[in-house]
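Each value in this text was obtained by applying a stated rule to the coordinates, not by laboratory testing. Note that the structure is a prediction, hence the values are computed from the model and not measured. Glycine also receives a Cβ, built like all others from the backbone with ideal geometry; neighbour counts cover every protein chain displayed.
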Amino acid sequence: MNSFFMQEVPLSWYLLLSAALFSLGVVGFLFKRNLITVFMSIELMLNGVNLSFVTFAHQWHAVKGQIFVFFVMMVAAAEAAVGLAIIIAVFRARATLAVDRIDLMKL
Amino acid sequence: MIENLHLWYIPLLPFVGFLVNGILGRRLPKWLVTIVALLAPLAAFGVVLLEVLSTLVPTVMLRATGHGSVFSVALPYTETCPLPWISIPTLHVDFSFVLDQFSLVMLLIVTGVGFLIHVYSVGYMKGDEGYARYFSYLNLFLFFMTVLVLAGNALLMFVGWEGVGFASYLLIGFYFNKKSAADAGKKAFIVNRIGDVGFLVAMFLLVANFGTLTFTEIATKLGMDPGWNGGVVTVIALCLMLGAAGKSAQLPLYIWLPDAMEGPTPVSALIHAATMVTAGVYMVARTHVLFDHSPFALSVVAIVGAATALFAATIALVQNDIKRVLAYSTISQLGYMFLGCGVAAYSAAIFHLMTHAFFKALLFLAAGSVIHGLGGEQDLRKMGGLWKKLPFTFAVTTVGVLAIAGFPPFAGFFSKDAILYAAFLQGPNGRVLYGVGLFTAMLTSFYMFRLWYLAFLGKSRSEVAHPHESPWSMRVPLVLLALLSICGGWIGIEPANGWINMERFSGFLAPVFGARVAASGSEETELVLSVIAVVLALLGWACAVLLYGEESRLPARMAGVFSGGYKLLVNKYYVDEFYGATVVKPLLGFSKYILNWVVDVGILGGIAWLLGGVAMLAGAILQRWQSGNLRSYAAWLAAGAAAVLLFLLVPWTTVWPASMAFVWKVAGH
């Protein structure tokens, strides 16, 4: 039992989790209607990628991947700030958050 | 010691005049335009005179006194731009100007007569709206003409050649609001282009066979091989002759010149009588080495010349427009010049070119004076009796008529005689040409005196009650040209060598054309021939007196008796109609039905329509992709990424053959 907990989690598990998170994000982005959910799905994709970055950084004992994660998190934070502001503005203007109905720019 | 003659000043000065009047002319006051316009040719003429002073006068002094002067520059004198124009391994062309006795004579004519006509134009064009435009065109013409004359190689000559054609086009179509004038300009331009094809092909052949376009080098190369006769040289010479026939209005390309009379009359005098139309003669004489090596081409030149002279003279017999009579007479006289070239009497041809420039410019300007005085009337039938109203114009026209009809001691007599004499000495074929020339001389005398009687004598048929004589600016050039028409022929006389002998002029040009030994001529022959010529000229006069001397019904009755011939002549042998039916109409039809309908609309338009249709169809299909639905784009993106992943991760090298084998099996093998 002890040895079970002492065992290191294999690399492929991390990667599978990362791929699963990313795919969940993609699916959520494609099929959800609510703008905020879509936004969250994007965050999910970003974090799925972050997880694989961290995994590889740990695996290769390289710090570059971890630095990349910080960059991604920073961008995601900025995106969240701007994106949520836009969503609020859109909601005030249109009184809806359904992405299919926000189609003013279409021909 | 003048080392440098600055030949490039001669074309440059009129060009500056062109630029100033062409760009600023509309804003400048009229007197300034006039000054610029007159100064340009006058300064060019001054430079030419300076060149005479520094080249010819010393030679004459040398002959007279035994020692030369300090200002001596030997002819031929070449001036080359240090930068080459075309420099490739097989061809080298420079911007080079050559001054020799021949180009000097031409330059004197072009700038001298050109200046006189500029002066005349000041009076003639006084009230015209396009005053500055007119003078800028005229200066442009002088620029190109002097380039043509000075050019040391065929290519530079071609530049001038095309340039004068362009200036001529501009000036024929000067009254571009008039459809006939615009059409005449186009006709002149297009017919000249046909001739230019000949000139161009000749240049290509020169480059291919001689590797040079410089006149002196061609002469040297031909001189190294005296046995080189006929063959490609004949082809080159004939092509050059085609070009010359276009520019100098010879058969079969003469049709543009009568129509060119739509331009202002001084233009007809300068460009379409005195200078530009002689460019063809100049070119043939300039490339005479080629013609000398091809007897066949020479005889073609002679025959074309003689035929044109006769042909145009017969048309001139019945024309009623005063300018058209002169136009056909110009064509006829140009025919004489080609006849002279064709019998290798180049100096005689150039002599006639010179005297013709004097008396034909005079006649045209006098006609312009008549037209001016009558307020634009050009029809001979509506003139008559003008000698009382326009005594001055009458006097100078008389001089011109006597000169062109060939009465001694007027200029035309000497030069025409020189050509006929040279033709006479060319053996039996030459006798035929001589006969044609002589007959033409009689016709010339007849139609010129017809013009004289119809316009100036008899009863007035004019609708203008008070014709007015021209202003001084128009009279002074007329007087000077009249003097030249009287005395211009005398420079050919050398009293020591017989009284009408052409020794002096041909001796002067001998360095260019080579000294020619008169075949078997004697002074008696020449005397007899000239007496015959004068008698025939008198006969022509007599016929004119008989028919037009007083009001008679004789001309009308003659026209009735020879109605067929008369109709033929009045309609100018139906040549325009013939060309219209054989060349213009098929070409237009070809352009409209084949080029426009089939090629342009059918093939090109069809291809464009097809391409457009395909693009539109593709767009109609592909626009379904561009739904504007962001999530569908994202789905495509995800699908694409999945496909790439699939492609990268699946071990195709093992899967592919296995799947193919599976397909194979399923297919039933």
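Some notes on this structure:
- Relative to the longest principal axis of the Cα atoms of chain B, the long axis of helix B:131-150 lies at roughly 90 degrees.
- B:Phe578 sits among other residues whose Cβ lies under 13 Å from its own Cβ, and their net charge, with Lys and Arg +1 and Asp and Glu -1, is 0.
- Positive-end ranking of B:Ile607, B:Ile271, B:Ile419 along the dipole of chain B, with charges on Cβ about the Cα centre, is headed by B:Ile607.
- Each helix, a run of at least 4 DSSP H residues, gives -39500 (n - 2.57); summed and divided by the residues of chain A, these come to -27000 deg cm²/dmol at 222 nm.
- Assigned charges on the beta-carbon of Lys, Arg, Asp, Glu; the protein assembly as shown dipole about Cα centre (debye): 2340
- For the range B:95-137 versus the range B:449-496, the gap between their alpha-carbon centres in whole angstrom: 20
- Dmax and Rg, reported as Rg then Dmax, of the range A:12-82 (C-alpha, Å): 13.0, 41
- Label positions at B:Arg193 and B:Leu554, each projected 7 Å from the Cα along the C-beta direction, are separated by 4.9 nm.
- Aspartates and glutamates with Cα under 19 Å of B:Lys186, excluding same-chain neighbours fewer than 8 positions away: B:Glu162, B:Asp196, B:Asp259, B:Glu262, B:Asp576, B:Glu577
- Pairwise centroid distance, computed over Cα atoms, of the range B:149-213 with the range B:372-426, Å: 30
- Relative contact order for the range B:318-450: 29 percent, from Cα pairs under 8 Å spaced at least 6 residues apart, divided by residue count.
- For the range A:1-66 versus the range B:607-658, the gap between their alpha-carbon centres in whole angstrom: 29
- Kirkwood Rh, angstrom, the range B:592-662 [1 / mean 1/r, Cα pairs]: 16.8
- Principal axis extents of the C-alpha atoms in the protein assembly as shown (largest first, rounded to whole Å): 148, 69, 64.
- For the range B:572-669, the list of chymotrypsin sites (Phe, Trp or Tyr not before Pro) that fall in a loop by DSSP and count at most 15 other C-beta atoms within 10 angstrom reads B:Trp625.
- Full-extension gain in nm, B:Val584 to B:Lys665, via 0.36 nm per residue minus C-alpha separation: 21.7 nm
- Cα-based helix-to-principal-axis angle, B:295-316 vs chain B, degrees rounded to 10: 70
- Electrostatic bookkeeping for B:Ile172 treats Lys and Arg as +1 and Asp and Glu as -1; over the other residues with beta carbon under 10 Å from its beta carbon, the sum is -1.
- Per-peptide average of other Cβ atoms within 10 Å, ordering B:253-259, B:361-367, B:452-458 highest first: B:361-367, B:253-259, B:452-458
- B:Val464 paired with A:Met73, simple spin-label distance in nm, labels 7 Å along Cα-to-beta-carbon: 10.5
- Cβ-Cβ FRET estimate between B:Trp652 and B:Trp597, R0 fixed at 60 Å, reported to 0.05: 0.60
- Chain B: calculated mean residue ellipticity at 222 nm from DSSP helix runs of at least 4, using -39500 (n - 2.57): -22500 deg cm²/dmol
- Within-13-Å neighbourhood charge of B:Ile218 [Cβ basis; K, R +1; D, E -1]: -1
- Remark on chain B: Rg and Dmax equal 32.5, 120 Å (Cα only).
- Where trypsin sites (Lys or Arg not before Pro) in DSSP loops with at most 13 other Cβ within 10 Å are excluded, longest remaining stretch of chain A: A:34-105
- Candidate lysines for bridging to A:Lys32, where Cα separation is under 21 Å - those fewer than 8 sequence places away on the same chain excluded: A:Lys106
- The range B:160-233: chymotrypsin sites (Phe, Trp or Tyr not before Pro) in DSSP coil with no more than 13 other Cβ atoms inside 10 Å: B:Phe176
- Computed from the C-alpha gyration tensor, the three semi-axes of the ellipsoid equivalent to the range B:379-437 are 34, 14, 5 Å, from longest to shortest.
- Dipole of chain A computed with +1 at Lys/Arg Cβ and -1 at Asp/Glu Cβ about the Cα centre; of A:Val90, A:Ser18, A:Gln7, farthest Cα towards the positive end is A:Val90.
- On Cα atoms only, tilt of A:11-31 relative to the major axis of chain A in degrees: 10
- Where labels lie 7 Å past Cα in the beta-carbon direction, separation of B:Asn571 and A:Val63 in nm: 10.7
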